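See below for the structure under consideration.
The values are calculated or read from the model by the stated rules, or taken from the named source; none is laboratory data. As the structure is a prediction and not an experimental result, all values here were calculated from the model. Using ideal geometry, Cβ is built from the backbone for each residue, glycine included, and neighbour counts are taken over all protein chains shown.
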Amino acid sequence: MSTLIVLILLSLPVLVGLSLWRSGQRQARHRQDLIEAGLRPDQRQAILAAVPLIARLPEDLRPMLEGRVALFLEQVAFVGCDGLEVSEEMRLSIAAQACLIPLASDLWYEELTTVLVYPGAFRSRMVSRDGYVVREEEVVRLGESWSRGQVVLSWADVAAGAADPEDGRNVVLHEFAHQFDDLSGDTNGVPVLAEGQSFEEWERVFLRAYMRLRRRAETGRASVLDTYGAQSHEEFFAVAIEAFFERPGDLREDEPELYAQLSELLKLDPVSWR
Ligand SMILES: [Zn+2]
């Protein structure tokens, strides 16, 4: 082999590495430009009209939300199902609600590619195992979150959830809480914690609150947390996120430690937004 060929072969990994690094730099720059550009005034108005919760955001958080919404709209493909045409208002409403969760966090929905939107509740196949018996049944759902970057939503329930920002029910917050949870590699109720946040504390607080909700669900007593969260750790995390944004005062009163952990996780304090 000639010296020239050896030199070319030796320098290939360096050249490939350099080109990947440059493309990564370009992507980061493009992402930063989107975040800084934010939204047009008409888009801002459409969000405020559709999602009253956004009107409560303090001034300093608004540009942060707009930047993330702009990034979300560029990154995510919206697909209308069963004949639904996804309008810009729908995209803005979904994006604004979804972006509340990582609003002040260092984390982002890196893997998210697609949001499928049905006009209303939709049918989905559910496979369950009981020992050797595998059952497949059709269930009706308002939303679903998949671990490979897809979320499915019922538009009727997205709109209803956004219209009442105080009932503690919000299908977009619920499904995107699962996406946020999944950034750790598993949708299991243990998200990537904030820098410096203690895992031992998180686990202690989270498990106790989860057991309290299970007992309440068994005895039929009401809770600020939807008892749907009593079925598993990941559902508990999702309903806790719904309550954190929609009933922060009640959550802080009933579950002060859980509220504090979520507040540390997301670097937000929705109680002070009122
Ligand atoms: Zn869920």
What is the residue count in segment 236-268 for residues that are within 16 Å of the ligand (Cβ to nearest atom) and crowded, with 22+ Cβ neighbours inside 10 Å? 10
State yes or no: is Q179 at pLDDT 95 or above, touching a strand residue (DSSP E or B) at 6+ places or on another chain (Cβ under 7 Å) and among the polar types (S, T, N, Q)? yes
When you check S93 against the structure, is it closer than 25 Å to P165 by Cβ and hydroxyl-bearing (S, T, Y), yes or no? yes
Which of the residues belonging to segment 183-208 are buried (at least 22 other Cβ atoms within 10 Å of the Cβ) and at pLDDT 95 or above? P191
Could you check segment 158-250 for helices (runs of 4 or more DSSP H) lying wholly inside it with 2 or more residues that are farther than 26 Å from M90 by Cβ? 199-219, 233-246
Qualifying positions in segment 191-205 - among the hydrophobic types (A, V, I, L, M, F, W, C) and over 15 Å from Y259 (Cβ atoms): V192, L193, F199
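Residue by residue, here is whether (1) farther than 23 Å from E175 by Cβ; (2) loosely packed, with under 11 Cβ neighbours inside 10 Å holds:
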| position | (1), (2) |
| --- | --- |
| V16 | yes, yes |
| E36 | yes, no |
| D42 | yes, yes |
| A50 | no, no |
| R62 | yes, no |
| V69 | no, no |
| E85 | no, yes |
| S93 | no, no |
| A98 | no, no |
Would segment 73-83 turn up any residue that is in contact (Cβ under 8 Å) with a residue 60 or more places away in the chain, within 27 Å of L262 (Cβ to Cβ) and in a helix (DSSP H, G or I)? no
Does V151 count as touching a Ser or Thr at 6+ places or on another chain (Cβ under 6 Å), farther than 25 Å from Q27 by Cα and surrounded by 13 or more Cβ atoms within 10 Å (Cβ to Cβ)? no
Residues that are under 21 Å from the mean Cα position of the chain (by Cα), part of a strand (DSSP E or B) and away from the ligand (no atom under 16 Å from the Cβ), drawn from segment 117-150: V117, Y118
